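To start, the structure under review is shown below, and the notes come after it.
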Amino acid sequence: MRLALLFCIVSLSAALATAQTSAITQIVRGTVIDRESNSPLIGVNVAVHIGDKLIGGTATDDKGYFRIENVPVGRVNISASYIGYNKVTLPNTPVTAAKEVVLRLEMEPAVTEINEVQVNAGKRRGESINDMAQTSARQFTVEEATRYAGSRSDPARMASNFAGVSGTDDSRNDIVVRGNSPLGVLWRVENVDIPNPSHFAIAGTTGGSVNVLNNKSLANSDFLTGAFPAEYGNALAAVFDVRFKNGNDEKHEASLQWGLLGLEASAEGPIDRKRKSSYQFAYRYSTLDLLVKMGVDIGTSAVPHYQDLNFKLNFPLRKGNISLFGIAGYSTIQFITSTDVRPGGQDIYASNNTDEWFRSGLGIFGISYTRPISARCYSKITFAASGTTIGDHYNRVVRHVDSATGNFIVDGMYRQMGYRFVESRFSGNFYRNYKLTNRHSLRFGMNSQMLTFNYTDSNLNEQRYQWEYRLQYKGVHFLFLPYVQWKYNISRKVSMTAGLHGQLFTLNWSWSLEPRASVKYQFKPNQSIALGTGLHSQTQPYYAYFQRENFTDRRDTRLRNNDLGFTRSFHVVGSYDVFFRQDVRIKVEGYFQYIYDLPVDTFASSYSILNEGTGFDRFFPGKLVNKGVGRNMGVELTVEKFFTHNWFAMFSGSLYDARYRASDGQWYNSDFNGHYVMNLLGTKEFKWGKKRLNTIGIGGKITFGGGRRYTPFDLARSAETGQPVVQDALRNKFEFKPYFRFDVKINYSFNSRKHLTQEVGVDLVNVTGQKNILRLQYINTSAQPQVIYQLGFLPLFYYRVDFGFARKK
């Protein structure tokens, strides 16, 4: 706490030491394109207003570019209008002294008449960027990721604020969508499916402790929670469709940030101003590891070390565009007990009498090429290579307490467990988009993936004193995902989509054909209803296919579950959407999801793979078959007041039920069936200072949700085997007390001089110190299981400075 206080004093002193200057202005510029053909629009009227006052305006040139200078610092409204297209309005766009506002506006053709609609980046605020997604989809912005209290600038934690999404594990950013396992979440970057983008990732999961994606590199992106369009495959629960922004192609800009979550540096700027090529990158290094290297005692020897890098290079061509992008992340942590001097002094995060070394790494590099074929058609092709490595090593410490000194004496150590999972993926994604008429658009494409696996996993069975080799596999397999999708604007009020997605996995030649469809009826200018439906399927976590049938005989190469097929589901979603006063939105969605071909045990038990996907442990089930079923149903409500008049507020709530039928024929609650989750959050900004260039933001968030499900231990059998054994017939029958958390975020930003913006803030997580229960843990030396609690009060401080370099004449 003293370190945090010192941090605040230093940051605030630096802030106040910088003098203000008078008139600070900035540049607003960018491009305007046709959303469906990707071609530039010439002569679009672009204007900047503050309230009803016109600040500046211009028209786009023959390449679709526009530029408006001398825009005052603060929040402005930006609009683009063009005959035959729906009007685009970006309200309350922040303008700072340090960085230019560079926009890419996508305009949608009007069907029968000029229809003025207030949208965000070409859509109504909150609606998805992808036109084919008419239900269960939302656009999330970089500003949202930084504004929400408790989100820690993490895209996954930010998404947990949305209706139907639950993130009630404070130690991880796994997200539960509509009662589904986090296994069903797909991450995609620049049109390419990617592995789990998290630090301290565990094989078979889609989350971790910290996200590798840095919001300083992201553009506005989509988050989808059901009835996905045909271009998305190999997912059952949700899709993060992430885009990287292009760097500023005229001016060099940079940011430096110091906070408890990391030391960050980011920059962007032109590579060649004449050709409008650009770069942008963001790098982060873990603060706690840096403090330990400086000799600061942080209270634990288990220091998380992580670093990551995001980047994109963009090269416009005479016809088309080439971009290079990449993500890299590496994380390690050690839990050491062998160096403990006396009993009771061991690290609170470590297991007794065990030394552990964990590491994980992620690397992604891609290249994409976009080319216009005609005024109504364009193609895009992307190639990417990605790889992950995850490893862990356990040593058992044998020691006793010296009777004379009371200190530990280490008698020896031996290896207890170790594994190394290496996965590589070589992806190719191609699609062609046709704007057939103002009513019809068509897209078809193929996503191909070459998957290589190298798994080793061994464990010492201490009861039998025998090594078990659970995984020992090398191989190459392919996943093909073709699709076609069509959108038809039947009239100004009615639109529909239809598509077909295919999926083929060459390991066991599992395949599927999945029709998808949606219809939307905008019966009033501010109100609409929509219905979406479709079939979806997903492979199992890859390492689950390759577990050995015989753990003890290394010569026996039989695999236990390599014949498992896809888990499949049917989605149907209905929604009602209404806007008031252009800045208030109410959305209600109801959904039903039927899951089938769900892997369960071959014998009568309550096990289902549907319960996997969270925590820091791998899973090794027995022989599985695709004979289980499940069903999720619920209703969601979002009431949102968008950021206008210096404040925003949002309520999201979900009532749901998630169950499955196991091999014993009984229905059980899934691990993620909390029945309800609600979020209430908001922020108010206060302008002050001589020129009202400074901003104080005060925000808060309350989360209230159903407690986590748990199964009681069979204490007698657990004592007999020395390992935790649960009462199978009581699977998930019990529930911990409800989850509650109150977060507060306070930030102070100031445009102190031209080309310079600073911000200091604190994110206070779990202000009330609520003791939410995470799980029960079996201790073989105790008569009762130990209750493991979640995160207590956590203050996260940061100081950021954004600066731009003067433009060369």
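Potential lengthening of the chain between Ala404 and Val578 amounts to 55.1 nm, from the contour at 0.36 nm per residue minus the alpha-carbon distance. Among residues other than Ala235 with Cβ under 14 Å from its Cβ, the summed charge is -1 (Lys and Arg +1, Asp and Glu -1).
Between Leu324 and Asp664, the contour length at 0.36 nm per residue exceeds the Cα-Cα span by 117.3 nm.
Measuring between their Cα centroids, segment 632-676 and segment 752-804 lie 24 Å from each other. FRET efficiency for the Leu290 to Thr721 pair, using the beta carbon distance and R₀ = 45 Å, is estimated at 0.55. Using just its DSSP H runs of length 4 or more, each adding -39500 (n - 2.57), the chain gives a mean residue ellipticity at 222 nm of -1500 deg cm²/dmol after division by all residues.
The trypsin sites (Lys or Arg not before Pro) of segment 178-279 meeting both criteria, a DSSP state outside H, G, I, E and B (loop) and at most 13 other C-beta atoms within 10 angstrom of the site's C-beta, are Lys274, Arg275. Just add up the charged neighbours of Gly207: K/R +1, D/E -1, any other residue whose Cβ is under 9 Å from the Cβ of Gly207. Residues close to Gly207 contribute a combined charge of -1. Each label point was placed 7 Å from the Cα along the Cα-to-Cβ direction; for Phe603 and Glu735 their separation is 3.2 nm. Quick one: grab the alpha carbon gyration tensor of segment 205-302, order the square roots of its eigenvalues as a ≥ b ≥ c, and give me rounded if a/c is under 1.5, else prolate or oblate depending on whether a/b is larger than b/c. In terms of gyration-tensor shape, oblate. Measuring only protein heavy atoms, the 1.4 Å probe finds Trp486 accessible over about 80 Å². For segment 695-748 and segment 436-450, what is the separation of their Cα centres, given in Å? Between the Cα centres of segment 695-748 and segment 436-450 lies a distance of 43 Å.
The stretch between Val303 and Tyr465 holds 55.1 nm of extra length on full extension. This uses 0.36 nm per residue minus the Cα-Cα distance. Would segment 177-254 count as rounded, prolate or oblate if I go by the C-alpha gyration tensor, calling it rounded below 1.5 in a/c and otherwise prolate when a/b exceeds b/c, oblate otherwise? Oblate, since a/c reaches 1.5 and b/c is not below a/b.
Normalised by residue count, segment 245-293 yields a Cα convex hull volume of 62 Å³ per residue. Per the Cα gyration tensor, the chain maps to an equivalent ellipsoid with semi-axes of 44, 33, 25 Å, ordered largest to smallest.
Listed here are the pairs Lys641/Lys737; Lys487/Lys524; Lys87/Lys524; Lys251/Lys641; which of them are more than 25 Å apart at the Cα?
Over 25 Å Cα-Cα: Lys641/Lys737; Lys251/Lys641.
Summing charges over all other residues whose Cβ lies under 15 Å from the Cβ of Leu500, with Lys and Arg as +1 and Asp and Glu as -1, gives +1. Each residue, Ala265 and Ala375, gets one label point 7 Å from its Cα in the Cβ direction; the gap between the two is 4.9 nm. Applying Stokes-Einstein at 4 °C and 1.567 mPa s to the Kirkwood radius of segment 447-560, computed over alpha-carbon pairs, gives a translational diffusion coefficient of 72 µm² s⁻¹.
Ranked highest first by average number of other Cβ atoms within 10 Å, how do 377-389, 512-524 line up? Mind showing how you got there, number by number?
Details: 377-389: 18.9, 512-524: 17.0.
For the peptides 377-389, 512-524, the packing ranking is 377-389, 512-524.
Taking every DSSP bridge with both residues inside the chain, close to 95 percent are antiparallel. Give the shape of segment 519-610 as rounded, prolate or oblate, defined through the alpha-carbon gyration tensor: a ≥ b ≥ c are the square roots of its eigenvalues, a/c under 1.5 means rounded, and otherwise the shape is prolate if a/b is larger than b/c and oblate if not. Cα axes put segment 519-610 in the prolate bin. Placing a label point 7 Å from the Cα of Ile529 along the Cα-to-Cβ direction, the residues of segment 578-597 with a backbone N closer than 17 Å are 578-579, 586-592.
Of the beta bridges DSSP finds with both residues in segment 402-489, what % are antiparallel, to the nearest 5? Write down the numbers at each step before the final one.
Values: 41 of 41 bridges.
Approximately 100 percent, going by the DSSP bridge assignments.
The values are calculated or read from the model by the stated rules, or taken from the named source; none is laboratory data. Model, not experiment: these values are computed from the prediction. When we count neighbours, we look across all protein chains shown, and the Cβ atoms used for this are built from the backbone with ideal geometry, even at glycine. Each accessible area value is taken on the protein alone, full model and side chains, heavy atoms only, with ligands, DNA and RNA left out. Shrake-Rupley method; radii C 1.70, N 1.55, O 1.52, S 1.80 Å.
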